[in-house]
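Notes follow the structure.
The values are calculated or read from the model by the stated rules, or taken from the named source; none is laboratory data. Quick caveat: nothing in here was measured; it's all calculated off a predicted structure. Note that each Cβ is placed from the backbone with ideal geometry, even for glycine, and that neighbours are counted across all protein chains shown. Surface accessibility is based on the protein's heavy atoms, side chains included, excluding ligands, DNA and RNA. Shrake-Rupley method; radii C 1.70, N 1.55, O 1.52, S 1.80 Å.
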Amino acid sequence: MVEFQTKSSYNMQDLLEIMKLLRSPGGCPWDAQQTHESIKKNLIEETYEVIEAINKDDKVLLCEELGDLLMQVVFHAQMEQEAGVFDFDAVADGICKKLIERHPHVFGQVEISGVDDVLTNWNVIKMKTKKQKTTTDSMLSVPRELPALMRATKLQKKAADVGFDWSDVSGALDKLEEEISELRQAISKGDSENTAEELGDVLFSAVNVSRFIKADAEEALTSASDKFLARFTTVEKLANERGIDMNSAGLDVLDALWDEAKAAE
């Protein structure tokens, strides 16, 4: 058992000390054997649980989930402190300096006329500090590990910022229809490799449309999945109530139940 004094209330310093104790000899064997690689998925999971709390507008849950997410940051920082590379203070120092540098209208003498100027200045300063000389450099800095729809949106936005974009949504819609046609052709030829590529082009083009209509592609797909789940739940319920075996009923019967479920919304 490690030496630690319990309290009625804890702060950031306590969290750092607890993580240090968990990783130290006599602490927790599981925590001690973890690496950046072994817990990286936990960071993603905790991030999405924060988003869930925000979507539910649950402040109590949000406070808890933010704590879980903060713990992941502290966990990774502690590993590097043990290796003598950096510590949590260095992490805090870095983000503080970045915020000050990228808000010259708050901490400097730069004048702005609105939110658009803030975003423009942020991107210009970011490219300068990261030594990004071209739009391609900026695009390459977008992590490949991002959710695919989010990454596509970011890449398209960076291209649009330098004028590589349709003038309106009609161009994006035409491109989407073109890609769907090419997908149909690939499917008809039975070319599985090309079919997967064309499907990717369809999804990428759909993201382009989402930008023009000011819809977040990730959230739009999540809503569509929710809608599908709700309707399928009703279809299954109706089938059970009417003694219909979904496995053998046939698509026409199930489609009729689907239309009924849709009409009931």
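Data overview
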item	result
Residue tally, condition β-branched (Val, Ile, Thr), open to solvent by less than 80 Å² (accessible area, probe 1.4 Å) and under 21 Å from the mean Cα position of the chain (by Cα), over the stretch 211-245	1
Near pairs, Cβ below 8 angstrom, 6+ apart or cross-chain, from the stretch 112-135 (within 14 Å of residue 101 (Cα to Cα)) to any residue that is open to solvent by 50 Å² or more (accessible area, probe 1.4 Å) and among the β-branched types (Val, Ile, Thr)	118/112; 121/110; 121/112
Residue in the stretch 105-119 that is small (Gly, Ala, Ser), closer than 29 Å to residue 53 by Cα and open to solvent by less than 60 Å² (accessible area, probe 1.4 Å) present	no
